[in-house]
1. Going by the structure shown, is residue 272 buried (at least 16 other Cβ atoms within 10 Å of the Cβ) and at pLDDT 85 or above?
2. Of everything in region 341-360 that's touching a strand residue (DSSP E or B) at 6+ places or on another chain (Cβ under 7 Å) and away from the ligand (no atom under 16 Å from the Cβ), which residue is farthest from residue 57 (Cα to Cα)?
3. Wholly within region 1-112, which strands (runs of 3 or more DSSP E) include no fewer than the required count, namely at least 1 residues that are farther than 28 Å from residue 361 by Cβ, over 18 Å from the mean Cα position of the chain (by Cα) and within 14 Å of the ligand (Cβ to nearest atom)?
4. Among the numbered conditions (1) surrounded by fewer than 17 Cβ atoms within 10 Å (Cβ to Cβ); (2) farther than 30 Å from residue 260 by Cα; (3) more than 16 Å from the ligand (Cβ to nearest atom), tell me where residue 331 comes up short.
5. Is there a residue being under 20 Å from residue 350 (Cβ atoms), touching a strand residue (DSSP E or B) at 6+ places or on another chain (Cβ under 7 Å) and assigned to a helix (DSSP H, G or I) anywhere in region 439-454?
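The values are calculated or read from the model by the stated rules, or taken from the named source; none is laboratory data. Just so it is clear, the structure is predicted and the values come from calculations on it, not from any experiment. Note that we place each Cβ from the backbone using ideal geometry, even for glycine, and neighbour counts take in every protein chain shown.
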Ligand code: FAD
């Protein structure tokens, strides 16, 4: 069994489908084959520009047979690549000769476990969330559960902690605030307060004034003091948790506020001595004290690791985080092999306002870039890296609020030399500007702020904002008019 194609793309996630779609546009007469192990593929729909380089979009899951695309599809698993001779073999034995190959095989959940042998029974009580099957497993376990431990502080953990019903959540985070992957302590507080204060929200609706506070904070004030209490298989689409009935065994209790355990990690765990199943957990806090709790199972939401479980004739250069190293044209070190999305690690020298984060946005951007890059190589043309790699941008929803993240939005790699300018209107908006040398380096925009494009311009143009002082976030001044 063998077949030929000009372009072979492996993986039916956002990166793979975006790559195939770009190739179909750039090289309409070339033969393009998308190989993926699952018959469900993901594609981007309802693409809406939020600013010049920032887009909001939906991720749609489709059965492979429903795709009406200008590329062929084949369901099977990639098992081996011979990079020298330009062919790949699938698990079922199909040999595919290719001109160019793009690997978009995504990531697998990094499951927490103690690393100790003899914990098989306990480890069966730890699950990761990645694909439809793992959510069905979660759903089934939840039905009997009274207490669940969620481990991790990124988007998945944040969604689960507030979306699960009829169950007590223990949310274990290593940081001093929730959702640390995406937001700062101020925004985390904004979300928690708006969750807590439903009554106050109702009062506001009745006409009570909603106060807006603007504050400038130096880096030294951002670092919490030691005794500060507050510091104490087909992958899924967005809103995945809304498509499933995720209710626990505490019938009719509704949404129970999660118990958040800050600045700690799981030190040890064993089967509960009562013999009824479930785990007994020992948490170790950063200050050295221990805390014990019980749970029916653990949801480990501590990120993903790049997945490349196939063999090759020559080794890929692999980065420290386990991703396949790619240059700015998404090329790996092996001839005519590219990689995009969660499986790869960007090893080019990045623009000052861009960094890699394994998200749909970047899976789409990298997939399209890989497609254009492969098409250019095929046609013998020269192209340049897409402008989207100039500025980190991500549009998402957290706790029901629209969230835009731009540039170095939590001061990533800015050292200690930056200031924050924050405007917060309870239950309405949270705006944070990260400033360095009076220039905007990043922003978090929560709520309908209409500031995304202005911030994009301010970051990219590096405009000196000193003359505007704190007025830059004065709610009575329309900064869009100043700078657009
Ligand atoms: P994937 O979507 O993982 O696709 C990889 C594909 O390759 C899969 O179809 C897989 O079956 C296939 N594959 C793997 N190995 C092989 C093989 N050997 N042969 C054939 N096929 C293979 N990001 C956001 O931006 N916003 C969010 O709100 C968000 N929420 C998330 C929620 C969850 C539960 C998870 C797990 C992730 C979330 N992410 C979110 C991250 C986002 O899903 C990933 O960044 C994105 O899906 C990466 O796309 P990808 O195409 O690189 O990989």
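1. Considered against the rule, which asks whether it is buried (at least 16 other Cβ atoms within 10 Å of the Cβ) and at pLDDT 85 or above, residue 272 comes out as yes.
2. Checked region 341-360; the qualifying residue farthest from residue 57 (Cα to Cα) is 347.
3. Per the criteria, 78-82, 87-90, 95-103.
4. Result: residue 331 fails condition (1) only.
5. no
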